[in-house]
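Visitor: Below is the structure I would like to discuss, written out as structure tokens.
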Amino acid sequence: MSKRIYIFDTTLRDGEQSPGISLNSNEKLKIAKQLCQLGVDVIEAGFPASSKGDFESVRSIAKNVRGSTIAALARTTRQDIDRAWEAIEYAEQPRIHTFIATSDIHMKYKLKMEPGDVLEKAAEMVAYARSLCPEVEFSPEDAARTDKEFLYRVIEAVINAGARVVNIPDTVGYMTPDEFGGLIRSIRNNVSNIDKAIISVHCHNDLGMAVANSLAAVENGADQVECTINGLGERAGNAALEEIVMALKTRKDFYNAYTGIVTEKLYRTSSMVGFATGVHVQPNKAIVGVNAFAHESGIHQHGVMSNSETYEIMTPESIGLRQSRMVLGKHSGRHAFEEKLKELGYSNLNQEEINKAFVLFKDLADKKKYIMDRDIEALITQESSKANEKYKLEYFQVSSGSETVSTATVRIRSKDCVSEEAACGDGPVDAAFNAIGRAIGMKVNLDEYSIKASTGGNDALGEVTVKVSKDNTKASGYGVSTDIIEASVLAYINAINHIESRFQESGRIEREEFAFAKSCNYFGAGEIDNWGLEV
Ligand code: KIV
Ligand code: ZN
């Protein structure tokens, strides 16, 4: 009989630990809702004890997402476990995931604890977590490098203490598939009470073997796989969810296992996470890279045209990539536009969002002859990342040339306050970014800037992604326009808005509001006292 494998997604926890990634609460909630629609069994929403912002976003996901189990990570301390429980207590199905390292190297140099004390702590804290939460998962961190006999004893003790899931992490991505599969088999054979728990695996990709190791674990009796969208995660990342799921689906004959994932939503989920994090997958990425279903050589094209199975082991449709039969343009009406949204998988947009998207589409159709699927995705991605923006662009102008100093003027609105500033810079983008910094009264560091054309053609949309930071807070921003300076300006303001919302989450907003208020040099009619300033 075919075996059901549970998919535990840790994009919002381990994935968010990727270098340079920082998501705000709003973005995390959107991703969590998408993961739930994707059919993920467990969403690890975050590590509530790590920051106030993480706590708030886990809590908001627990309150608002129904259909998946919501897990929160905690070290084996009462404070962490209390904080995790406080964050998820209102979830439909809450799970506390607690961990402590068990390898010699971690116990000696990181924890500075004796093995016996680690074992005791693990069992004691699992029991404590169980007194609060009906479902507890335990991870012996760095299990792959842990002495096997000790690992069996720890697992046995935590299951006796009430852990329903034991997760075996290859924390540093050290193992080979044969070894890791063997480890899972040996746990099955040597832990006396293992039938009372689910075995989970959590593989990192330091040697590029995270997916292979996870699949080897499935072959050897693992019931749950922990993974992330696009393989995001600490260092080289975690096992990629889309690869695990499609391997199990495509090679069902071999693995004799299946998941509850709605694979047709994989592509949308991957691109949503790519845009929210600013980390896009490489073109040749398995399953979701732009080239994953592209055939370049004539021989391959001929084969695929005669019978797609000659060179395609999965259909593009199975991951939600449809061959577009309908290209929109200036004369396309609302009905065709709404059909296109459905075709692209945006079935969860509300009427107001559809109306907004339609206005943007019509604006774009005035500038661009054919509106491709990617253009629509780009517009919607931009709109959704703008939700609750505090600062909005009203106007910008740049002047630039080979013999002149670039200058820019921007006008930015926040509620009824409008701030207009000009600045020079090294090129039009730098000038515009300097003017934005002045107008808002907040200078951020620009850590990364990238631009690409959404489609081919001279009238293609420019898609700009920026990563910025301020005082150890990081954020990314996204902007699209047929004018690349405008796309850059929108992306930069979007990133500053994300920094602002991170500050808000951590209680730093008053100082920043004051900064904008001070720089605000023109007031619209009405409520100026919002800013506490005299006219
Ligand atoms: O990689 C790891 O060991 C982890 C644990 C916290 C599960 O992320
Ligand atoms: Zn990890």
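The values are calculated or read from the model by the stated rules, or taken from the named source; none is laboratory data. Quantities reported herein were computed from a predicted structural model and do not represent experimental measurements. Glycine gets a Cβ as well: all are built from the backbone with ideal geometry, and neighbour counts include every protein chain shown. Accessible surface areas use protein heavy atoms only, side chains included; no ligands, DNA or RNA. Shrake-Rupley method; radii C 1.70, N 1.55, O 1.52, S 1.80 Å.
Visitor: Tell me, which residue of the range 101-143 that is aliphatic (A, V, I, L, M) and open to solvent by 10 Å² or more (accessible area, probe 1.4 Å) is nearest to TYR174 (Cα to Cα)?
Guide: Top of the filtered list is ILE105.
Visitor: Name, by its number, the condition in (1) in contact with a helix residue (DSSP H, G or I) (Cβ under 7 Å, 6 or more places away or on another chain); (2) within 16 Å of ILE43 (Cα to Cα); (3) open to solvent by less than 10 Å² (accessible area, probe 1.4 Å); (4) within 16 Å of ligand 1 (Cβ to nearest atom) that does not hold for LEU232.
Guide: (3)
The rows are residues; the columns are (1) surrounded by fewer than 21 Cβ atoms within 10 Å (Cβ to Cβ); (2) touching a Leu at 6+ places or on another chain (Cβ under 7 Å); (3) hydrophobic (A, V, I, L, M, F, W, C); (4) not assigned by TED's automatic domain parsing to the domain that holds LEU461.
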{"position": "MET372", "(1), (2), (3), (4)": "yes, no, yes, yes"}
{"position": "SER399", "(1), (2), (3), (4)": "yes, no, no, no"}
{"position": "SER414", "(1), (2), (3), (4)": "no, no, no, no"}
{"position": "CYS417", "(1), (2), (3), (4)": "no, no, yes, no"}
{"position": "GLY425", "(1), (2), (3), (4)": "yes, no, no, no"}
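Visitor: Got a sec? Which of THR269, THR277 is touching a helix residue (DSSP H, G or I) at 6+ places or on another chain (Cβ under 9 Å), modelled with pLDDT under 95 and not aromatic (Phe, Trp, Tyr)?
Guide: THR277
Visitor: I would also like to ask the following. Restricting to the range 167-190, name every residue that is open to solvent by 10 Å² or more (accessible area, probe 1.4 Å) and more than 16 Å from ligand 2 (Cβ to nearest atom).
Guide: Answer for the range 167-190, where residues must be open to solvent by 10 Å² or more (accessible area, probe 1.4 Å) and more than 16 Å from ligand 2 (Cβ to nearest atom): THR176, PRO177, ASP178, GLU179, GLY182, ARG185, SER186, ARG188, ASN189, ASN190.
Visitor: Suppose we filter the range 41-63 for residues that are in a helix (DSSP H, G or I) and over 15 Å from the mean Cα position of the chain (by Cα); how many remain?
Guide: Adding up the residues that qualify gives 11.
Visitor: Taking into account only those residues within the range 1-15 that are open to solvent by 10 Å² or more (accessible area, probe 1.4 Å) and more than 17 Å from ALA84 (Cα to Cα), which is nearest to ligand 1 (Cβ to nearest atom)?
Guide: For the range 1-15, the residue satisfying everything is TYR6.
Visitor: What's the number of the condition ASP253 fails, among (1) within 19 Å of CYS203 (Cα to Cα); (2) free of Cβ contacts under 8 Å to residues at least 12 places away in the same chain?
Guide: Checking ASP253 against (1) within 19 Å of CYS203 (Cα to Cα); (2) free of Cβ contacts under 8 Å to residues at least 12 places away in the same chain, the one that fails is (1).
Visitor: Is one or more of the residues making up the range 24-35 more than 16 Å from ligand 1 (Cβ to nearest atom), closer than 26 Å to VAL466 by Cβ and touching a His at 6+ places or on another chain (Cβ under 6 Å)?
Guide: Yes, the conditions are met somewhere in the range 24-35.
Visitor: Here is a follow-up. Could you tell me whether VAL191 is modelled with pLDDT of 95 or more, of a type outside the set (Gly, Ala, Ser) and within 16 Å of ligand 1 (Cβ to nearest atom)?
Guide: no
Visitor: Going by what's in this entry, would ALA122 be described as more than 16 Å from ligand 2 (Cβ to nearest atom) and farther than 29 Å from ASN213 by Cα?
Guide: Spelling it out, it is not the case that ALA122 is more than 16 Å from ligand 2 (Cβ to nearest atom) and farther than 29 Å from ASN213 by Cα.
Visitor: When you scan the range 64-111, how many residues do you find that are of a type outside the set (Ser, Thr, Tyr) and part of a strand (DSSP E or B)?
Guide: 13
Visitor: Here is a follow-up. Of all residues in the range 201-236, how many are within 15 Å of ligand 2 (Cβ to nearest atom), more than 18 Å from ASP14 (Cα to Cα) and of a type in the set (Asp, Glu)?
Guide: The qualifying residues number 0.
Visitor: Could you check the range 471-489 and list, in sequence order, the residues that are within 24 Å of GLY427 (Cα to Cα) and either within 21 Å of the chain's Cα centre (by Cα) or free of Cβ contacts under 8 Å to residues at least 24 places away in the same chain (or both)?
Guide: Within the range 471-489, ALA475, SER476, GLY477, TYR478, GLY479, VAL480, SER481, ASP483 qualify.
Visitor: Follow-up question, since we're still on this one. List pairs: first residue in the range 324-338 and acidic (Asp, Glu), second residue at pLDDT 85 or above and surrounded by 12 or more Cβ atoms within 10 Å (Cβ to Cβ) anywhere in the structure, Cβ distance under 7 angstrom, at least six positions apart or on different chains.
Guide: GLU338/ILE354
Visitor: So, PHE55, is that one more than 16 Å from ligand 1 (Cβ to nearest atom) and either more than 19 Å from ALA387 (Cα to Cα) or open to solvent by less than 10 Å² (accessible area, probe 1.4 Å) (or both) or not?
Guide: Yes, satisfied.
Visitor: If you check VAL154, VAL166, which single one turns out to be in contact (Cβ under 8 Å) with a residue 40 or more places away in the chain and assigned by TED's automatic domain parsing to the domain that holds CYS227?
Guide: When all the criteria are applied, what remains is VAL154.
Visitor: State whether the residues of the range 292-306 include one that is in contact with a Leu (Cβ under 7 Å, 6 or more places away or on another chain) and either in contact (Cβ under 8 Å) with a residue 12 or more places away in the chain or more than 28 Å from ASP178 (Cα to Cα) (or both).
Guide: The answer is yes, given that some residue of the range 292-306 is in contact with a Leu (Cβ under 7 Å, 6 or more places away or on another chain) and either in contact (Cβ under 8 Å) with a residue 12 or more places away in the chain or more than 28 Å from ASP178 (Cα to Cα) (or both).
Visitor: Quick check: is even one residue across the range 220-228 open to solvent by less than 10 Å² (accessible area, probe 1.4 Å), closer than 29 Å to LYS342 by Cβ and within 16 Å of ligand 1 (Cβ to nearest atom)?
Guide: Within the range 220-228 (the criterion being open to solvent by less than 10 Å² (accessible area, probe 1.4 Å), closer than 29 Å to LYS342 by Cβ and within 16 Å of ligand 1 (Cβ to nearest atom)), the answer is yes, since at least one residue qualifies.
Visitor: Can you find even one residue in the range 350-358 that is open to solvent by less than 40 Å² (accessible area, probe 1.4 Å) and farther than 17 Å from MET272 by Cβ?
Guide: yes
Visitor: Six or more apart or on different chains, Cβ atoms under 8 Å: show the pairs whose first residue is in the range 427-449 and in the same structural domain as ALA491 (by TED's automatic domain parsing) and whose second is part of a loop (DSSP other than H, G, I, E, B) and open to solvent by 80 Å² or more (accessible area, probe 1.4 Å).
Guide: GLY437/LYS443
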